[in-house]
1. What ranking do 180, 337 get, fewest neighbouring Cβ atoms within 10 angstrom at the top?
2. Can you list residues whose amide H is under 5 Å from residue 278's amide H, if they're 5+ apart or on another chain and H is modeled 1.01 Å from N?
3. What whole number of Å gives the distance from the Cα centroid of the stretch 147-168 to the Cα centroid of the stretch 274-344?
4. Order of 276-288, 292-304, 253-265, 227-239 by packing, highest average Cβ count within 10 Å first?
5. Set the bar at 31 Å for Cα to Cα. Now go through 145/242; 104/242; 62/219 and name every pair that lies beyond it.
6. So which aspartates and glutamates can residue 172 reach, going by Cα to Cα under 20 Å and dropping same-chain residues fewer than 8 places off?
Amino acid sequence: MIMPPAPPLTAAKTLAPLLLLLILTGPVFCWRPWPTTKPNSTDILYGGSKRYEGSSEFVHLKYHMGPVLTANITVYPIWYGTWQPSHKRIIREFISSISAADSKPPSVAGWWRTVQQYTDQTGDNITRSVRVGEEKNDRFYSHGKSLTRLSVQSVIKSAVSAATRPLPVNPKSGVYLLLTSDDVHVQDFCNNICGFHYFTFPSIVGYTLPYAWVGNSAKMCPGVCAYPFAVPEYIPGLTAVKSPNGDVGVDGMISVIAHEIAELATNPLVNAWYAGGDPVFPVEIADLCEGIYGTGGGGSYTGQMLNGRDGATYNMNGIRRRFLVQWVWNHLLNYCTGPNALDH
């Protein structure tokens, strides 16, 4: 039996960023310390890439007239596999912090204000409200411990069609966030992606629902997907920084989750805000700033981050916790921005 091809997707943290300068012919390409990267080639390879703090004539982010998430966003977490309560608390609080406008600056809510600047064709801005909705636990690995891109959608189908406590069907303002535990392998995980987003196929799920998948890399590839809280052994000279919440895998997931939620808000059906000529392989607002966490970021340098008294590294505050979250593209200023930017 011939399986259908994997659906096109917008992927966080994929490799070979130079392709932004070309007509895109593959998935979104961003810098990560992949095993195939030559350790001493980063200065040459990324000197003219898409990852930089300053503006560039090479970036042509355009609005393609599709919908964006202007209605209040509800995130529906699907906890696939084995999750500790502490893991869930960290992730829930990050999502809740997006709307916590009174958090200490620099804040997650300040980061989201850049996302809010994007509008639909009527001029309506993306909502400031993002909340955690109903959740679904799949602790018995109902679709196994190895998922394909298509079976990811089957997990979501199981969550919205469950006999008991199904997740609500909310195609207008829902974001279905599939989170896989550190013993679950997803197609291409660690090899060239750490997370991706797309929308479900009615033929599989019964509805068109914006969704994202993010995996916990703590056991499989922390040096790749939880960087800079872990570093790969094959690249000498890199030193890991201390994670703000004491969990390398989950703290690493936070920035990927932020990446995907920002892109789902601005490009939920892959026909709204993106750069490049091919909607199958768009370059989106978080892809443009992959790996940039502070002023001066670009190439393989994260930029200037903050250090707490406990030695942890972060760049923004949530309700009660600190997080390290990558910046996103500001289309009004034409460069990457974040709430921890230093005045020049």
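All of the numbers you see were taken from the coordinates with simple rules; none came from a lab. As the structure is a prediction and not an experimental result, all values here were calculated from the model. Backbone-built Cβ (ideal geometry, glycine too); neighbour counts: all protein chains shown.
1. Taking fewest neighbouring Cβ atoms as first place, the list is 337, 180.
2. Hits under the 5 Å cutoff: 24.
3. Cα centres, the stretch 274-344 to the stretch 147-168: 32 Å.
4. 253-265, 276-288, 292-304, 227-239
5. From 145/242; 104/242; 62/219, over 31 Å: 62/219.
6. 120, 124, 134, 135, 260, 263
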